[in-house]
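The values are calculated or read from the model by the stated rules, or taken from the named source; none is laboratory data. In this text the structure is predicted, and so the values were computed from the model without any measurement. Note that each Cβ is placed from the backbone with ideal geometry, even for glycine, and that neighbours are counted across all protein chains shown.
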Amino acid sequence: MTPTADREYVVRFIPSDAKVHPLDENIDVEVVFEDGTRYVATFFTLANIKMLFEKNARTGECANGTYFWASDMIIVRALTMESVYRAVADLIASGEFEKAFAGPYPEDS
């Protein structure tokens with residue numbers, strides 16, 4: 001079922017008790033709709049992507065920091081629950097949610 005703006009959903013960080021630095025972090029986000037279907041994406045800040053480039057240049061990963069990629073990646077200015085909720089709501093309203101998030105996954109058993 002395609003997510004629409006009139007459906008109820010819950011947004012949560014994974015893990016739910018994570019201590020998130022709002023300006024330099026990345027975290028998985030799960031969206032669960034009222035019918036139990038789940039979607040997941042990873043939210044990043046720009047500072048976190050810059051840090052990952054620098055780390056990869058030091059470690060040799062991603063061709064010595066030449067590139068960075070992540071599936072189902074969404075970039076926000078600040079990694080707060082408010083900004084994540086706004087992004088999710090906008091992606092649903094624009095019809096782009098299923099392009100940005102992986103899923104749907106069936107309801108947890």
Of the listed residues (39, 85), the one being closer than 17 Å to residue 10 by Cα, exposed (fewer than 15 other Cβ atoms within 10 Å of the Cβ) and within 15 Å of the chain's Cα centre (by Cα) is 85
Only one of 79, 91, 23 is out of contact with any Pro (no Cβ under 9 Å at 6 or more places or on another chain) and on the phi < 0 side of the Ramachandran plot, namely 23
Flagged in region 1-35 as of a type in the set (Lys, Arg) and within 15 Å of residue 92 (Cα to Cα), in numbering order, are 7
_Could you go through region 58-73 and let me know if any residue there is crowded, with 16+ Cβ neighbours inside 10 Å and touching a Pro at 6+ places or on another chain (Cβ under 7 Å)._
no
Of 20, 29, 11, the only residue that is β-branched (Val, Ile, Thr), surrounded by 14 or more Cβ atoms within 10 Å (Cβ to Cβ), in contact with a strand residue (DSSP E or B) (Cβ under 7 Å, 6 or more places away or on another chain) and not in a strand (DSSP E or B) is 20
Original post:
Taking residue 54, is it touching a helix residue (DSSP H, G or I) at 6+ places or on another chain (Cβ under 8 Å), modelled with pLDDT of 95 or more, among the acidic types (Asp, Glu) and surrounded by 13 or more Cβ atoms within 10 Å (Cβ to Cβ)?
Top reply: no
Filtering region 96-109 for residues that are farther than 18 Å from residue 8 by Cβ and in a helix (DSSP H, G or I) leaves a count of 2
